Amino acid sequence: MTLSALSVASEVYPLVKTGGLADVAGALPPALAGEGIAVHTLVPGYPAVLAALQSPEVVHRNEDLFGGPARLLAGRAAGLDLFALDAPHLFDRPGGPYTDAQGRDWPDNAQRFAALCRIAAAVARGAVGGYAPDVLHAHDWQAGLAPAFLHYGEGPRPGSVMTVHNLAFQGQVPAHLLAELGLPPRALAIDGVEYYGSIGYLKAGLQLADRITTVSPSYAEEVRTPEGGMGLDGLLRARAAVFSGILNGIDEATWNPATDPHLPARFDARRPARRAADKRALQERLGLATDASTPLFGVVSRLTWQKGMDLLVAALPAVLGHGGQLALLGSGDASLERGLLDAAAAHPGRIGVQLGYDEALAHLIQGGCDALLVPSRFEPCGLTQLCALRYGALPVVSRVGGLADTVIDANEAALEAGVATGFVFSPPGPAPLQAAIGRAAALWREGEQWARLQRNAMSADVGWTRPARRYAALYRGLSSSR
Ligand code: ADP
């Protein structure tokens, strides 16, 4: 049976992206199509979205949506069926989707994303003639009020799913906004949208959606503990019966080393030796010594505490001590950016750092480095280690969340069984990271073992087929239970 789903997200690859959420929002719909689920994706009408929309059609109007007129446009873009919320007073501005050019949150984020959610609920209830989705799927706090608007609204409604991609971002706004947002007084309750005296967007979604998911089984367990729950563990324990973890995949067309336009030399599991030319190109690109006989460690990351980038800075002596090089691409906290630039200046030819966001370089690092470092303190799923597996860059990861679920440590048993795909350390701290870097460097020098791990990594199942099957089952179970 064909089902239809309305996916609601604040970013979608390749139109607007700040992180893994965009990758998932862009890749899940085509994968679900293979499972007989037709997905429309509702996103804010940022300039990049409106510019990409092919033959847009106005399918809904709102004369006053938080202080200005809004139109809902339907059209195709980037292979997706999109609804774009064209509300210039909310979304037509330079800067990022959540922040201005200086990195400050837009002061009206509460209204901007409440607008997205209100329209989502209206569309889910049939505001667009002829369109009646079976499921509304809300992603992260920006879409968290959509299940709430469905819950408190009148009349029949589809089932709702709330997926949390990162519990650290919760969207908390002052309680006095309740009426302005369009929620009834009774919503400001512990079993509603109230969250520690404020309104919690993510909390609202997690409380009021019919099903909730997060992006890996291990993270689903971690967030039910006081240490990992960031204030929401009680709620998540209470809703355990409808809460599950479904691993993300990566888009295997975008991330395909055999066809990747960003790689000077393309390769696959049968011809991994071609990576040597990509390694050289990466070394040249980042000003590293073009030396084939040194293990090259890579990083593609937001530069934040969550990602353990301070642990990385502390572990740089291990990279250098084992004769290695580092190629890093990232942007984030100013102090980490400075620390990394200082390290690069102190070790020219050994540490190469590129600050900023650069899609092409991200691909070259995956294709050119020997091992990718992901020392996160917590990681809901993590996509870079999945890309690394596919590109034969062996991941060196902390044993948390989705990293623990996707990388098989090269311990003695796994090496003997021939199943290892990378290096896993615990707990996330400088000394365990340094030890893992040492293990990786040592194994890299034993070419044959390394090649074996590389073959395992490159044949790991990191695509969307399996996860899409699980989401499809979730949607079907939900819609038949209603
Ligand atoms: P998160 O969403 O927490 O940042 P993920 O690992 O889930 O982390 O997803 C990160 C995504 O963003 C990956 O696709 C990665 O390649 C990409 N990425 C991160 N930083 C950069 C950067 N500086 N330049 C280009 N791509 C980046």
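Readers should treat all values here as calculations from the given coordinates under stated rules, not as data from a laboratory. This is a predicted model, so every value here is computed, not measured. A quick note on method: Cβ atoms are made from the backbone with ideal geometry, for glycine too, and the neighbour counts reach across all protein chains shown.
Give me the one-decimal nm value for the distance between modelled label points at Asp108 and Ala269, 7 Å along each residue's Cα-to-Cβ direction.
Taking the two extended label points, one gets 5.2 nm.
Using the charge dipole of the chain (Lys, Arg: +1 at Cβ; Asp, Glu: -1 at Cβ; taken about the Cα centre), state which of Leu28, Gly229, Tyr152 has its Cα farthest towards the positive end.
Value computed over the given set: Leu28.
Can you check what the net charge comes to around Leu82, using other residues whose Cβ is under 14 Å from the Cβ of Leu82 (Lys, Arg +1; Asp, Glu -1)?
Summing Lys and Arg as +1 and Asp and Glu as -1 gives -2.
What area, in nm² and to one decimal, does the C-alpha convex hull of the chain cast on average over all directions?
The orientation-averaged projected area of the Cα hull of the chain comes to 22.1 nm².
When averaged across all projection directions, what area in nm² does the alpha-carbon convex hull of the range 251-309 cover? Provide the component values of the computation, followed by the final result.
On the way: hull surface 21.6 nm².
Mean projected area of the Cα convex hull: 5.4 nm².
Below 29 Å, Cα to Cα, which lysines can Lys279 reach? Residues fewer than 8 away in the same chain don't count.
Candidates past the 8-residue exclusion: Lys17, Lys307.
Describe numerically, in nm with one decimal, the distance between label points set 7 Å from Cα along Cα→Cβ at Glu63 and at Asp81.
So the label points at Glu63 and Asp81 sit 3.1 nm apart.
Measure nothing fancy, just the Cα-based angle from helix 447-458's long axis to the longest principal axis of the chain, in degrees from 0 to 90, nearest 10.
Taking the Cα atoms of the chain, the angle to 447-458 is about 10 degrees.
Taking 37 °C and 0.692 mPa s as the conditions, I'd like the Stokes-Einstein D for the range 218-334 in µm²/s, using the Kirkwood hydrodynamic radius from alpha carbon pairs.
So the translational diffusion coefficient is about 184 µm²/s.
For the chain, what is the calculated [θ] at 222 nm in deg cm²/dmol (nearest 500), taking -39500 (n - 2.57) for each run of four or more DSSP H residues and dividing by its residue count?
Result for the chain: -11000 deg cm²/dmol, rounded to the nearest 500.
Given an 8 Å cut-off on Cα distances and at least 6 residues of separation, report the relative contact order of the range 272-459 as a percent.
Computed over the range 272-459, the figure is 22 percent.
About the Cα centre of the chain, how large is the charge dipole given +1 on each Lys and Arg Cβ and -1 on each Asp and Glu Cβ? Please answer in debye to the nearest 20.
So the magnitude is around 620 debye.
Taking the inverse of the average 1/r across all pairs of different Cα atoms in the range 331-440, what Kirkwood radius in Å do you get?
14.9 Å
Would you kindly derive the ³J(HN,Hα) couplings of the range 104-114 from the backbone phi angles with the Karplus curve 6.51 cos²θ - 1.76 cosθ + 1.60 (θ = phi - 60°), listing them in order in whole Hz, with x for Gly and Pro?
8, 3, 4, x, 9, 4, 4, 6, 4, 8, 5
Over the range 418-482, what lengths in whole Å, largest first, do the semi-axes of the equivalent ellipsoid take, defined as the square roots of 5 times the eigenvalues of the alpha-carbon gyration tensor?
Semi-axes from the Cα gyration tensor: 38, 18, 6 Å.
In units of 2.2 N^0.38 Å, what is the alpha-carbon radius of gyration of the range 32-186? Could you put the intermediate results ahead of the total?
Numbers: Rg = 15.3 Å, N = 155, 2.2 N^0.38 = 15.0 Å.
Taking N as the residue count of the range 32-186, the ratio is 1.02.
Looking only at Cα atoms, what is the convex hull volume of the range 272-459 per residue, in Å³? Walk me through the intermediate numbers first.
Working: hull volume 18.4 nm³, N = 188.
In the range 272-459, the Cα hull volume divided by residue count equals 98 Å³.
For a quick check: with amide H placed at 1.01 Å from N, whose amide H comes under 5 Å from Phe425's, ignoring anything fewer than 5 positions away on the same chain?
Sorted by chain and number, the residues that satisfy this are Val397, Ser398, Arg399.
In debye to the nearest 20, how big a dipole does the range 159-239 give about its Cα centre with +1 on each Lys and Arg Cβ and -1 on each Asp and Glu Cβ?
Details: 6 positive and 8 negative charges, 30 e Å.
The dipole magnitude comes to about 140 debye.
Nothing charged except the Cβ atoms of Lys and Arg (+1) and of Asp and Glu (-1): what's the magnitude of the dipole of the range 272-459 about its Cα centre? Round to the nearest 20 debye.
The calculation lands at about 200 debye.
Which GluC sites (Glu not before Pro) from the range 409-467 combine a DSSP loop assignment with at most 13 other Cβ atoms within 10 Å?
For GluC sites (Glu not before Pro) across the range 409-467 that sit outside H, G, I, E and B with at most 13 neighbouring Cβ atoms in 10 Å, the list reads Glu446.
Give me the mean projected area, in nm² to one decimal, of the convex hull enclosing the Cα positions of the range 385-425.
On the way: hull surface 10.4 nm².
Taking a quarter of the hull surface, the average projection is 2.6 nm².
Tell me which of Ala404, Gly332, Leu364 sits at the most positive position along the dipole axis of the range 320-426, charges placed on C-beta atoms (Lys, Arg +1; Asp, Glu -1).
Sorting the options by dipole projection puts first Gly332.
Going by average Cβ density within 10 Å per residue, which order do the peptides 121-131, 325-335 take, highest to lowest?
325-335, 121-131
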